[in-house]
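Just below is one structure, and these are the notes that go with it.
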Amino acid sequence: MAAGVLVLGAAATLAAVDRWIDTYVDPMEDDVRNAGYVEKVVQVNDVGLSFVEGPDNGPPLVLLHAQHMDWYSYNLVLPALAASFHVYDVDYPGHGGTTVPDDYPMTANRIGADLGDFIDDVIGEPVFVTGNSSGGLLATWLAANRPRSVRAVVLEDPPLFTSEAGYPSPTLADRSFTTAADAVRDGTDDFLLYWIEASSAFFDKHVAPGSAWFLRQAITSYREAGPDRPVELGIVANDTVRQLLRGLDRYDPRFGAAFHDRTWNAGFDHAEALARIEAPTLLLQADTEFLPDGTLNGAMGPEDGKRAASLLRNGEYRVVNATHVIHLAEPELFVSLLEEFLLRESMPG
C-alpha cells in the first residue's frame, strides 16, 4: 500500500510539473506589454523584419540582441528603457520572427544594409544603437557604414577580431558555431533539440548534471501544448540560458555556420570599421578568460578590448564585471550606462 501511494504521489507530481511547463508564461511579459511595447512586422527589401516598438518617450533607440537569442532577451530592461527612449527592439535576420528568402546571404554586409534601410525608411531619423555580441558587430557595421543614420552607439561585449579569420586562439563560442554548421550539413528541421543534444556539457554546467535529456522532454511537452508559442521554460533558473532556449527555437543555423567558416565577415574588416566610426561610441567588455588549453572564454580577450578602444575616434571603454549578456546579468547597471551615455549625447550643444 505504501509503495502504491508513493507511485501515485510521484505520478501526480510529474503531472503537476508537466502542467506547469505547458502553461508557463514569463512573468516579465506583462511588464513589457504594460510599458507600451507592440509587436510588429515590416517588409524591408526582401526581409520580413520582426520587431517590437515602445512608446515615443524620447530619442529612437535600436536594440540588436545576441546571436542565438531574439528581441525578448531584452525583457529585463525594456520597461525601464521605455521611460527615456523610443525603443525599436529588432529580430535581425536569422533570428526570431524575422523571415528571409532561402538564399538570403548571412553576412554582416547584407544584414547591416537591411538594418540600415529599416532605420532610414521605417524609423526615418538618426538613432541611437546598441548591440550585444553579434548584434554588437552589426551595430559597429551600422555606425561605420551608415554614419548619417547613427547618432551614438553602445557596443555590448561584441566579438571584435575574435570572430574574424586568423584569430590566433580558439574560442568557446565556435563550439556552438560548429554545431550550427553540422546542423546545416545534416539538414535538421529542429535546431533547438539538435543543439541541446550536441551541447549536454553546457547544460550540465549551467543548469544541472544530466539536464539536457529532461530539457528535450520539457520542450516537446511545451510545444505540444502551444505549438505557436516561443519556447519558455520557467524550470530553467538562469535567465541567459532560458532566453537562449527561446532564441534557438527560431534560429537559422546558417547564421552560425557563416560564423564558423568566417564568411559572415566577408568584406567587413573590424579594425577598419572601428576606425571609420564618427559617432560617439561606448565599448563595454564583459568577463573574459583564457582556459588552460588556450581557448578564449569570452567575446574578446583583454588585449582585444583595448585594441578596439584605441581605434575609436570618439570612444569610451569600460570593463564590466558581468557575464557576456550584460543586460541580462546586470540589467540595472546596463540601463544606467545607456542612459548616462546616450542621453548625454542627446543634450543640445
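No lab work stands behind these numbers, since they all come straight from the coordinates. It should be emphasised that the depicted structure is a prediction, and the values quoted were computed from it without experimental measurement. Counting neighbours? That spans all protein chains shown, and the Cβs are built from the backbone with ideal geometry, glycine included.
Highest mean first, what order results for 148-157, 281-290 on Cβ atoms within 10 Å?
Working: 148-157: 24.1, 281-290: 20.7.
In descending order of packing, they fall as 148-157, 281-290.
Counting only C-alpha contacts under 8 Å and six or more residues apart, can you give the relative contact order of region 111-213 as a whole percent? Walk me through the numbers on the way to the answer.
Numbers: 104 pairs, mean separation 18.0, N = 103.
In percent, rounded to a whole number, it is 17.
Percent relative contact order of the chain, based on C-alpha pairs within less than 8 angstrom and at least six residues apart? Please list the in-between numbers first.
Working: 644 pairs, mean separation 69.5, N = 349.
Relative contact order comes out at 20 percent.
Pop the C-beta distance of Glu339 and His206 into the FRET formula with R0 = 41 Å and round what comes out to the nearest 0.05. Don't jump to the answer; show the numbers that get you there.
Working: r = 30 Å, r/R0 = 0.73.
Computed FRET efficiency for Glu339 and His206 comes out at 0.85.
Just subtract the alpha-carbon distance of Ala275 and Asp56 from 0.36 nm times their residue separation and send over the number in nm, one decimal.
Working: separation 219, 0.36 × 219 = 78.84 nm, distance 3.25 nm.
Extending this stretch completely gives an extra 75.6 nm.
Take the alpha carbon atoms of region 284-344, find their radius of gyration, then divide it by 2.2 N^0.38 Å using N residues; give the quotient.
On the way: Rg = 13.0 Å, N = 61, 2.2 N^0.38 = 10.5 Å.
Scaled against compact globular proteins, the figure is 1.24.
Among residues other than Ala143 whose Cβ falls under 10 Å from its Cβ, what is the net charge (Lys/Arg +1, Asp/Glu -1)?
+2
Could you tell me the extents of the chain's C-alpha atoms along the three principal axes, largest first, rounded to whole Å?
Principal extents (Cα only, largest first): 80, 47, 40 Å.
Mind jotting down the distance between the C-alpha centroids of region 71-92 and region 149-220, whole Å?
Centre-to-centre distance over Cα atoms comes out at 23 Å.
Just to be sure I understand the model, the point goes 7 Å from the Cα along the line to the Cβ. What's the resulting Asn238 to Ala165 distance in nm?
Distance between the two pseudo-spin positions: 3.3 nm.
Suppose every Lys and Arg Cβ carries +1 and every Asp and Glu Cβ carries -1, with no other charges. What dipole size does the chain come out with about its Cα centre, to the nearest 20 debye? Could the numbers behind the result be given before it?
Working: 24 positive and 51 negative charges, 83 e Å.
With Lys and Arg at +1 and Asp and Glu at -1, about 400 debye.
Ile277's amide H: which non-local residues (gap 5+, or another chain) put their own amide H closer than 5 Å, with H modeled 1.01 Å from N in plane and none for Pro or chain starts?
The answer is Arg313.
What ranking do Arg229, Arg223 get, fewest neighbouring Cβ atoms within 10 angstrom at the top? Spell out each step's value before the answer.
Working: Arg229 13, Arg223 17.
Lowest to highest Cβ neighbour count: Arg229, Arg223.
Just to confirm the filter: which trypsin sites (Lys or Arg not before Pro) across region 309-349 are DSSP coil and have at most 14 other Cβ within 10 angstrom of their Cβ? List each step's numbers first, then the result.
On the way: sites: Arg313, Arg318, Arg344; in loops: Arg313.
Within region 309-349, the qualifying trypsin sites (Lys or Arg not before Pro) (loop, at most 14 other Cβ atoms within 10 Å) are Arg313.
Given the Cα-Cα distance of Asp287 and Asp120 and 0.36 nm per residue of separation, how much length would full extension add, in nm? Kindly include the intermediate steps, with their values, before the conclusion.
Details: separation 167, 0.36 × 167 = 60.12 nm, distance 3.46 nm.
Length difference between fully extended and current span is 56.7 nm.
Out of the DSSP beta bridges found with both residues in the chain, what percent are antiparallel (nearest 5)?
On the way: 14 of 39 bridges.
Counting only bridges with both partners in the chain, antiparallel ones make up about 35 percent.
Under 5 Å between amide H atoms, partner at least 5 residues away or on a different chain: which partners does Val319 have, H built in plane at 1.01 Å?
Gln285
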